[in-house]
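Written out below as structure tokens is the structure these notes cover.
The values are calculated or read from the model by the stated rules, or taken from the named source; none is laboratory data. Keep in mind it's a predicted model, so treat the numbers as computed, not measured. Because the Cβ atoms are built from the backbone with ideal geometry, glycine has one as well, and the counts that use them run over all protein chains shown. Surface areas here come from the heavy atoms of the whole protein model, side chains and all, with no ligands, DNA or RNA. Shrake-Rupley method; radii C 1.70, N 1.55, O 1.52, S 1.80 Å.
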Amino acid sequence: HVLDRLHFDIHGLWCETTDCAAGRAHILLHTQIRNTHDAVRSATIRARVLAPDGNTVLEITHDAQCAEGETQLAIPMSVDAPRLWSPDCPNLYHVDVTLEAGGTVLETRTIPLGIRSFCFDATDGFFLNGAPLKIQGVNAHQDFAGVGVALPDRLHEKRVELAKELGANAFRCA
């Protein structure tokens with residue numbers, strides 16, 4: 001994969017749900033843009049949010065001046081009437097993010113987004129989307145007898161399916 005001299009850092013793109021109350025989710029699109037040019041560069045970030053059914057629910061455009069080195073941005077977005085993520089109903093949005101400069105697309109990435117709220121309370125425990133949730137998890141070793149550590153995707157899927165059959169809603173790999 002060859003990158004332009006103006007590009008997203010390798011782990012420089014993620015979403016954070018900051019609030020999801022009153023039928024609207026407030027989200028920050030975090031970007032870390034790497035500029036290896038010897039001068040400031042103008043860039044445009046375009047984001048398109050796709051609902052779990054694939055329909056576009058939001059499109060935004062943000063112009064930025066990217067200094068030499070790294071530029072970090074937190075771009076606010078909001079989604080009306082979001083379908084919340086939970087272990088029982090894992091609604092997953094996708095955000096297509098494009099970095100452009102001078103009318104040329106430099107890079108496009110798609111990142112997953114599970115819109116949800118959560119908090120821990122010392123007295124009452126864990127809450128997901130405003131409702132209490134008891135975390136019941138399992139631990140799985142990274143290897144598997146006869147296969148080693150390079151496990152096929154289907155084996156990972158089967159392990160999660162078995163854990164869910166046992167009533168687990170959390171999965172830890174070690």
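Here are some notes:
- Percent of alpha-carbon pairs separated by more than 28 Å within segment 42-174: 43 percent
- Each label point was placed 7 Å from the Cα along the Cα-to-Cβ direction; for A67 and R48 their separation is 3.3 nm.
- Cβ-based net charge around V40, under 14 Å, with every Lys or Arg adding one and every Asp or Glu removing one: -1
- Here is how the number arises for the chain: DSSP H runs of 4 or more residues each give -39500 (n - 2.57), the sum is divided by the residue count, and the result at 222 nm is -2500 deg cm²/dmol.
- For the set C173, C66, C15, C119, the ranking by accessible area, highest first and with no ligand, DNA or RNA atoms included, is C173, C119, C15, C66 under a 1.4 Å probe.
- Extension gain for F126-T108 works out to 2.9 nm (0.36 nm per residue, less the C-alpha to C-alpha distance).
- Ordering K164, K158, K134 by accessible surface, largest first, gives K134, K164, K158; the 1.4 Å probe counts only protein heavy atoms, with every chain in place.
- 0 to 90° range, to nearest 10: angle between helix 153-165 axis and the chain longest Cα axis: 50 degrees
- Beta bridges per DSSP with both ends in segment 117-174, % antiparallel, nearest 5: 65 percent
- Additional length obtainable on full extension of the chain from D88 to R172, 0.36 nm per residue less Cα span: 28.5 nm
- Across segment 75-174, the relative contact order, built from alpha-carbon pairs under 8 Å that are at least six residues apart, equals 19 percent.
- Note: relative contact order over the chain, using C-alpha pairs below 8 Å and six or more positions apart, is 18 percent.
- Alpha-carbon centroid distance for the pair segment 22-101 / segment 142-174, whole angstrom: 31 Å
- Charge tally in the Cβ shell below 12 Å around A131, where Lys, Arg are +1 and Asp, Glu are -1, A131 excluded: 0
- Distant-in-sequence amide contacts of D9, defined by a placed amide H-H separation under 5 Å and a gap of 5 or more residues or a different chain, comprise Q32, I33, R34.
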